[in-house]
Amino acid sequence: MVTARYNYILADYASVEGELSHGVTEEDISAAGLTGDVSIGLTGAAVVVAQVPLDARGSNVFARVGYQVGELEVEIDGVGSADFDADGWAYGVGGNLMLNEVSGVRADYTRFDGEIDDTGGLEGEIDLYSVPYVAKF
């Protein structure tokens, strides 16, 4: 996924984040003798972050929880495709290692627990890992 994230620091130990992402790959699936692929379209999330500062440059460790919405496309070989909306809670942990006052590297893990609309209550979990570049401005 390609992700743009904005973090607004409220205090030393709290911030809020907003993010937009779009999937760039497909994942092969196989179930009940059928094969196909699933891809993630546009997603968005709003989260609150509890953080512990580690140094004067802004390095920290954090935990985050919020709500995420997104689009899924499922294509079954020989059958067709369908688009679905998914939404639910997202939570995770991570850290920022700032190389100086304006740039650094972030590593985080987020679990998305969501319900897929128009499926009669089908639920699922997605584990997301990222190691993005951080720019402060």
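Points worth noting:
- Number of positions in region 21-53 that are farther than 17 Å from G92 by Cβ, among the hydrophobic types (A, V, I, L, M, F, W, C) and in a strand (DSSP E or B): 5
- Cβ-Cβ contacts under 8 Å between residues 6 or more apart (or on different chains), taken from a first residue in region 44-64 that is farther than 16 Å from R111 by Cβ to a second residue that is assigned to a loop (DSSP other than H, G, I, E, B) and of a type in the set (S, T, N, Q), are listed as P53/S59; R57/N100.
- When residues in region 23-59 are screened for being of a type outside the set (G, A, S), at pLDDT below 95 and open to solvent by less than 50 Å² (accessible area, probe 1.4 Å), 4 of them pass.
- Among the strands (runs of 3 or more DSSP E) confined to region 74-137, the ones with at least 3 residues that are in contact with a strand residue (DSSP E or B) (Cβ under 6 Å, 6 or more places away or on another chain) are located at 80-98, 103-116, 123-130.
- The condition of being under 17 Å from Y129 (Cβ atoms) and open to solvent by 40 Å² or more (accessible area, probe 1.4 Å) holds for only one of L97, L20, that being L97.
- Those residues of region 2-13 which are open to solvent by less than 80 Å² (accessible area, probe 1.4 Å) and within 19 Å of the chain's Cα centre (by Cα), in sequence order: T3, A4, R5, N7
The values are calculated or read from the model by the stated rules, or taken from the named source; none is laboratory data. From a predicted model like this one, the values you see are computed outputs, not experimental measurements. Glycine also receives a Cβ, built like all others from the backbone with ideal geometry; neighbour counts cover every protein chain displayed. Areas reflect the complete protein model, heavy atoms only, side chains present, ligands, DNA and RNA absent. Shrake-Rupley method; radii C 1.70, N 1.55, O 1.52, S 1.80 Å.
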